[in-house]
1. Would you say SER126 is among the polar types (S, T, N, Q), free of Cβ contacts under 8 Å to residues at least 60 places away in the same chain and out of contact with any helix residue (DSSP H, G or I) (no Cβ under 7 Å at 6 or more places or on another chain)?
2. Among the residues of the stretch 43-69, write down those that are touching a Gly at 6+ places or on another chain (Cβ under 8 Å) and of a type in the set (A, V, I, L, M, F, W, C).
3. Looking at (1) part of a loop (DSSP other than H, G, I, E, B); (2) over 23 Å from THR127 (Cβ atoms), which one does ASP81 not meet, given that it meets all the others?
4. List every residue pair whose Cβ atoms sit under 9 Å apart, with the two residues 6 or more apart in sequence or on different chains, where the first one lies in the stretch 81-104 and is of a type in the set (Asp, Glu) and the second, anywhere, is surrounded by 17 or more Cβ atoms within 10 Å (Cβ to Cβ) and at pLDDT 95 or above.
5. Which one is surrounded by the most Cβ atoms within 10 Å (Cβ to Cβ) among residues in the stretch 41-62 that are under 18 Å from LEU219 (Cα atoms) and either of a type in the set (Phe, Trp, Tyr) or more than 16 Å from the chain's Cα centre (by Cα) (or both)?
6. Could you grab the pairs with beta carbons closer than 9 Å, sequence gap of 6+ or different chains, first residue in the stretch 191-211 and of a type in the set (Val, Ile, Thr), second one crowded, with 22+ Cβ neighbours inside 10 Å and assigned to a strand (DSSP E or B)?
7. For the list (1) of a type outside the set (Gly, Ala, Ser); (2) outside any loop (DSSP other than H, G, I, E, B); (3) surrounded by 17 or more Cβ atoms within 10 Å (Cβ to Cβ), I need the number of the one condition that PHE168 fails.
8. Here is a check on your reading of the model: is TYR44 in a loop (DSSP other than H, G, I, E, B) and at pLDDT 95 or above?
Amino acid sequence: MKKLAVIIMCASVAYCQVKGIDVSGYQPNVNWQQVKNNGIQFVYVKATEGTTYKNPSFNQQYVGAPRVGLIRGAYHFARPDLSSGAVQANHFFSNGGGWSRGGTTLPGAVDLEYNPYGPSKCYGQSTGAMINWIRDFSDTYKKMTGRPPVIYTSTSWWELCTGNYGGFAAENPLWIARYASSVGTLPAGWQFHSFWQYTDNASPNPGDGDLWNGSLETLQKFAGGE
């Protein structure tokens, strides 16, 4: 019943009250106090991509956000064409993608989306190979932090690149990307989402706009590992 209540409460943008953003190197030198004043309560910060990239603005963003009272987390942009999931999970963890108890740090997220670097939308991976890559990343990250990573994706990408595999829903929280007034159909297995990226323009705030599927209290508990 609690899960159902959450789904109903955050079925559309109008019902979602806990607002967040996500930022990357494209948004350097964020004024976090202004972001806080604008009603934002959490942020995901891009830490890494592939096997070598680290966001040059990561420290300013990741350290600055909690100084004004925001809950923060880090995310990794997946490049399944470059290395194994385990290698990239280690790169992420070693460059800011960790997690610790205390209620102010969200578990790390893995960003799985259409390939921006070439014609292969799924990075040249078969659905089976993609599922194995995600499992490799997730299992490695969980071993290092004690938390499975949040999976960021769109339903369309998930259907195309994993064959709409439902085996991650029991453990990995879902951060769904859909730029619309409602969440829409979720990927297979997930009965509800944890985060929703509902716009790529969070103006007057930097970055993309996100919503937590619940209350601030439940977000704090989620960050704390409850």
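1. Numbers: among the polar types (S, T, N, Q): yes; free of Cβ contacts under 8 Å to residues at least 60 places away in the same chain: yes; out of contact with any helix residue (DSSP H, G or I) (no Cβ under 7 Å at 6 or more places or on another chain): yes.
Spelling it out, SER126 is indeed among the polar types (S, T, N, Q), free of Cβ contacts under 8 Å to residues at least 60 places away in the same chain and out of contact with any helix residue (DSSP H, G or I) (no Cβ under 7 Å at 6 or more places or on another chain).
2. VAL43, VAL45, ALA47, PHE58, listed by residue number.
3. Among (1) part of a loop (DSSP other than H, G, I, E, B); (2) over 23 Å from THR127 (Cβ atoms), the lone unmet condition for ASP81 is (2).
4. ASP81/GLY50; ASP81/ASN115; ASP81/TYR123; ASP81/GLN125
5. Here is the first cut: in the stretch 41-62, the ones under 18 Å from LEU219 (Cα atoms) are 41-45, 62.
When the remaining residues are screened for being either of a type in the set (Phe, Trp, Tyr) or more than 16 Å from the chain's Cα centre (by Cα) (or both), the result is 42, 44, 62.
On the way: PHE42: 25, TYR44: 30, TYR62: 22.
So the residue we want is TYR44.
6. Close Cβ pairs (under 9 Å, with a partner that is crowded, with 22+ Cβ neighbours inside 10 Å and assigned to a strand (DSSP E or B)) amount to THR199/ASP210.
7. (2)
8. Values: in a loop (DSSP other than H, G, I, E, B): no; at pLDDT 95 or above: yes.
No: the conditions fail for TYR44.
The values are calculated or read from the model by the stated rules, or taken from the named source; none is laboratory data. Remember, it's a predicted structure, so these values are computed and weren't measured experimentally. Glycine gets a Cβ as well: all are built from the backbone with ideal geometry, and neighbour counts include every protein chain shown.
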